[in-house]
Amino acid sequence: MACIIMRRDMRVMNAAARLVCNLRSRDHVTPALIELHWLPITARVQYKLCLLVHSAVVGTAPDYLKNMLYPVSERAFHWAFTRSDRLTDRSVRLVCPTGRSDDRIV
């Protein structure tokens with residue numbers, strides 16, 4: 001079901017890019033998407049999810065999001081950034097509740 005919705009949303013985004021860039025229906029839409037700096041739907045979903053998890057871990061997210069995640073170990077919240085703002089070898093593992101009874105580790 002989610003795949004169908006994402007395909008539909010991608011078609012809508014392609015149509016919007018054609019409208020904004022004044023393209024014909026036969027023209028390729030990928031260069032227009034790149035020019036507009038629009039990510040594909042799957043990349044947008046992944047980016048938004050990573051942004052929400054990061055906000056929850058850092059503490060800037062609303063309480064209902066912060067309470068949904070809990071560290072697997074006590075030292076999971078010890079973030080170690082290098083100068084390039086990348087995580088070092090001490091990565092964070094969080095358990096995220098899902099709609100099913102099992103827990104997924106992110």
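Here, each number is a calculation from the coordinates, and none is a lab measurement. Quick caveat: nothing in here was measured; it's all calculated off a predicted structure. Ideal geometry is used to build each Cβ from the backbone, glycine not excepted, and the neighbour counts take in all protein chains shown.
Could you list, in sequence order, all residues of the range 1-55 that are of a type in the set (K, R) and exposed (fewer than 14 other Cβ atoms within 10 Å of the Cβ)?
Within the range 1-55, R7, R8, R11, R24, R26, K48 qualify.
Of all residues in the range 56-66, which are part of a helix (DSSP H, G or I) and either surrounded by 15 or more Cβ atoms within 10 Å (Cβ to Cβ) or not aliphatic (A, V, I, L, M) (or both)?
Those that are part of a helix (DSSP H, G or I) and either surrounded by 15 or more Cβ atoms within 10 Å (Cβ to Cβ) or not aliphatic (A, V, I, L, M) (or both): A56, V57, D63, Y64, K66.
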